[in-house]
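Presented below is the structure to which this report refers.
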Amino acid sequence: MVVAAFVAPFLLEATTRFVATAAALPGVRLAVITSEPAERLPPVLKERLDGHWRVDDAFDPRQLAEAVTGLGRQMGRVERLVGALEQLQVPLAHVREALGIEGMDVRTALNVRDKARMKSVLHAAGVPCARHQLVTNPGEALSFADAVGFPLVAKPPAGAGAQATYRLDDPAALRSWLAAIPPGPDAPGLLEEFLVGEEHTFDSITIGGQTVWSSVSDYLPPPLEVLRNPWIQWTVLLPRAMTSPAYEGIWSAGPAALRALGVRDALTHMEWFRRPDGSVAISEVGARPPGAQITSMLGYVHNVDFYQVWAELVLLGRFDPPERSFAAGTAYLRGQGRGRVRAVHGAEKLQAELGHLVVEARLPQPGQPASSSYEGEGYVIVRDPDTGVVQEALRRIVTGIRVELVEQE
């Protein structure tokens, strides 16, 4: 029996699903470390968890270490310490090293969390990635812009999910960014070359330092374009076959990047570009399950519960490569305007025409506040053995559904 602790700062829906799936695994006794009090645990967790420890700050390694030690007195020595959020990976690594728990070490966690450090490691290993510089003052930023040219991408060194990421098209945009988020020695900013081309993911499982399974998906349009245009309804496609010539370069570059970063046993989420000349450039790597419904889609294309696949990997060290039998895709529904959802137009007609392809959906509801996330107010996931059928369904959904927002009176 493996005794494990799952760190989940706040038990939102997606996190609760990860925790509940892990807690249901045979051979695992699971406790949760969270900022939520025991009485606020969702019923599905109250039924399955073997322990609970509340902390004020679930990102503080000291508090996490105290929680793990306390749980050890209650349940026996904690043998696995895990979390699904990217922001947790470095704190978790510090606690593992301090308490002698198996899992990703601090050096590797920093490599995949600090984006400037990540690209320096990749560049030193000869893995193609965007040119970049960590800047602490306007002079460094202007010098980098002179050397690389515009457009540029500005982001925090430890960002996640395209948060606080901006495209800077000219010197005026750079000066505005410097004024709004002034970099300094204690809070540097990261500037990168703006990569041009098709953007994809490379989601993979590494065991003992070897990539044993991988999957590619396609963004349309790229996430940065989605961030710049809040009205765009976008898609992620997981094709059934991984044989497209467009993916050829990532089969070597992806595993090479993970080896350079020191990843040994993990599910990782990588974003990469295929440039117009066909070459590959790695954008970012996260040592955690993918977001934006991609974890769910990985389950749909392989006809498995991929939340369970991840839980078995990180808690039991077990992974059986699944067979890919379907293509799947998600259309993200985003409102036009501001305020709250007033109406959703076109959904009934498309339900009648495409409903047999839909495997999961969350349609925006009237009165629902506009989302602050680039994922939008709702989504629809479709699946079919034929990739072309899924592509056409996604196109019809994003062009046929309109989410109307209205200002509050």
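The values are calculated or read from the model by the stated rules, or taken from the named source; none is laboratory data. The model shown is predicted, which means the values in this text are computed figures rather than measured ones. Every residue, glycine among them, receives a Cβ derived from its backbone with ideal geometry; neighbour counts consider all protein chains shown.
What to note about this one:
- Residue ranges of strands (runs of 3 or more DSSP E) in the stretch 157-245 with at least 3 members under 20 Å from the mean Cα position of the chain (by Cα) and under 17 Å from A130 (Cβ atoms): 198-207
- The residue that is farthest from A4 (Cα to Cα), among those in the stretch 43-58 that are surrounded by fewer than 14 Cβ atoms within 10 Å (Cβ to Cβ) and either modelled with pLDDT under 95 or in contact with a strand residue (DSSP E or B) (Cβ under 8 Å, 6 or more places away or on another chain) (or both), is P43.
- Top-ranked residue of the stretch 77-95 - restricted to ones that are part of a loop (DSSP other than H, G, I, E, B) and either within 22 Å of the chain's Cα centre (by Cα) or modelled with pLDDT under 95 (or both), ranked as nearest to R17 (Cα to Cα): A84
- Test result for G262, of a type in the set (G, A, S) and free of Cβ contacts under 8 Å to residues at least 40 places away in the same chain: no
- Filtered residue count, the stretch 32-52, keeping only those that are farther than 20 Å from L85 by Cα and in a loop (DSSP other than H, G, I, E, B): 1
- Test: A5 is surrounded by 19 or more Cβ atoms within 10 Å (Cβ to Cβ) and over 20 Å from V263 (Cα atoms): yes
- Any hit, the stretch 268-282, residues being among the charged types (D, E, K, R) and closer than 26 Å to A331 by Cβ: yes
- Residue ID - farthest from D56 (Cα to Cα), chosen from residues in the stretch 1-39 that are among the aliphatic types (A, V, I, L, M) and without any contact (Cβ under 8 Å) to a residue 24 or more places away in the chain: L12
- Those strands (runs of 3 or more DSSP E) lying entirely in the stretch 285-369 with at least 1 residues under 30 Å from A257 (Cβ atoms): 327-333
- Taken as a whole, the structure leaves L81 outside the set of residues that are over 13 Å from V7 (Cα atoms) and crowded, with 18+ Cβ neighbours inside 10 Å.
- Close pairs from the stretch 229-240: first hydrophobic (A, V, I, L, M, F, W, C), partner part of a loop (DSSP other than H, G, I, E, B), Cβ under 8 Å, at least 6 apart: W231/R334; I232/P221; I232/R334; W234/P221; W234/R334; V236/A292; V236/Q293
- Whichever residue in the stretch 105-120 is of a type in the set (A, V, I, L, M) and at pLDDT below 95 and, among such residues, is farthest from V135 (Cα to Cα): V112
- Any hit, the stretch 38-56, residues being within 23 Å of the chain's Cα centre (by Cα) and farther than 25 Å from S296 by Cα: no
- R29 fulfils the conditions (1) modelled with pLDDT under 95; (2) in a strand (DSSP E or B) except for a single criterion, (1).
- In the stretch 13-44, the residues that are farther than 18 Å from W310 by Cα and among the hydrophobic types (A, V, I, L, M, F, W, C): I33, A38, L41, V44
- Of all residues in the stretch 27-42 being touching a Gly at 6+ places or on another chain (Cβ under 9 Å) and among the hydrophobic types (A, V, I, L, M, F, W, C), the one that is farthest from V7 (Cα to Cα): L30
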